[in-house]
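These notes are about the structure you will find just below.
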Amino acid sequence: MDRTERFYKIDQLITERRVVPFQTFIETLEVSPATIKRDLEYLRNRLNAPITWDRAAGGYRYDKSDSPAGSQFELPGLWFNASEIHALLTMQHLFATLDQGGLLGPHIQPLMARLNGLLGTADNTVEEVRKRVRIIGVGARHMQLHHFEQVGSALLRRKRLFITYRARGSNQTTEREISPQRLVHYRDNWYLDAWCHLRRELRSFAVDSILKAEILEAPAKNLSEKTLDEVLGAGYGIFSGKKVQWAKLKFTAQRARWVAYEQWHPRQKSKFQTDGSYLLEIPYSDDRELIMDILKHGPEVEVLAPQKLRARVVAQLEQAAGLYPAGI
């Protein structure tokens, strides 16, 4: 834990136990005696904490006689870290948009009250926190997931689904029997990883592209998590495939200041060049999503390999140039 967290823990220990032996601080905070001494000194001298050593009691306590009448020592307001505030506000947003008439309706209000209580612990009201912090989701498809309940039920009951599915890429509609394996929330959208009995392979289906869904009594085909990760998690993004290639990208020194802090894939490899440029290697099995992310960086990135990926990116750029000639 960092120093600020230790300050709050020290305050909590003294408040709850009244008297705290020096050894208790060391064991609870898991730091050296020297660190505890520096923390106590900082609390006393910089934050005016009335901490005193009580020889008779054998520990540290708050000396109320050092405080003005009726006053109580308080540490400065604690604020959330980035992941905490994102998680709390996201949960609150999800609960607020949840159908109050559904099965979870009666349980929502207590959960919302608890979330509001947590958000209000930052020395600000929950309304102030919501007003001052915004979470913007980009790329989310705001569509009704009409068959989400059937998908979830079949997934947990380990039953097969018969679905009517419209693939956005080809705009073709097909009927197929699938064995649900797991739901994936990716880039603010829901996908279903499933074994497709029509194609006889693992596929990832966008839930909002399922037009009809019927739960069958036939048991679902079960695949191991390792198999799912090898096929659906080996490449880049949401697209699947076992035949993995490695893209080698070179970003300019200027763009590297952003890209170097991004994770494009858990297995990515990266390094800076002497001129400040940044090399990034990423595994992929289907290049569609990768190409979209490459094109976002425009002239600040160059595809070094493989040649086929480089050619496809160049073709996309040439097509865009043809659609939008200079000056238009």
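Data table
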quantity	calculated
Electrostatic dipole magnitude of segment 144-283 [Cβ: Lys, Arg +1; Asp, Glu -1; Cα centre; debye, to 20]	380 debye
For segment 185-244: relative contact order, % (alpha-carbon pairs under 8 angstrom, 6 or more apart)	26 percent
Other-chain or far-sequence residues with amide H under 5 Å of residue 220's (modelled H)	159, 160
Long-range HN-HN contacts of residue 181 with modeled amide H, under 5 Å	193, 194, 195
Relative contact order %, segment 237-328, counting alpha carbon pairs below 8 Å whose residues are six or more apart	35 percent
Packing-based order for 11-19, 201-209, using average beta carbon neighbours within 10 Å, highest first	201-209, 11-19
Most to least packed among 212-225, 180-193 [average Cβ atoms within 10 Å]	180-193, 212-225
Spin-label model distance (nm) - residue 260 vs residue 316, 7 Å beyond Cα toward Cβ	2.6 nm
From phi via Karplus (6.51, -1.76, 1.60), per-residue ³J(HN,Hα) for segment 189-198 in Hz, x at Gly/Pro	10, 9, 10, 10, 7, 8, 7, 8, 6, 6
Average Cα contact separation per residue, segment 3-66, under 8 Å, 6 or more apart, as relative contact order %	36 percent
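Bear in mind these aren't lab numbers, they're just calculated from the coordinates by the rules spelled out. From a predicted model like this one, the values you see are computed outputs, not experimental measurements. Neighbour counts are summed over all protein chains in view; Cβ atoms, including those assigned to glycine, are modelled from backbone coordinates with ideal geometry.
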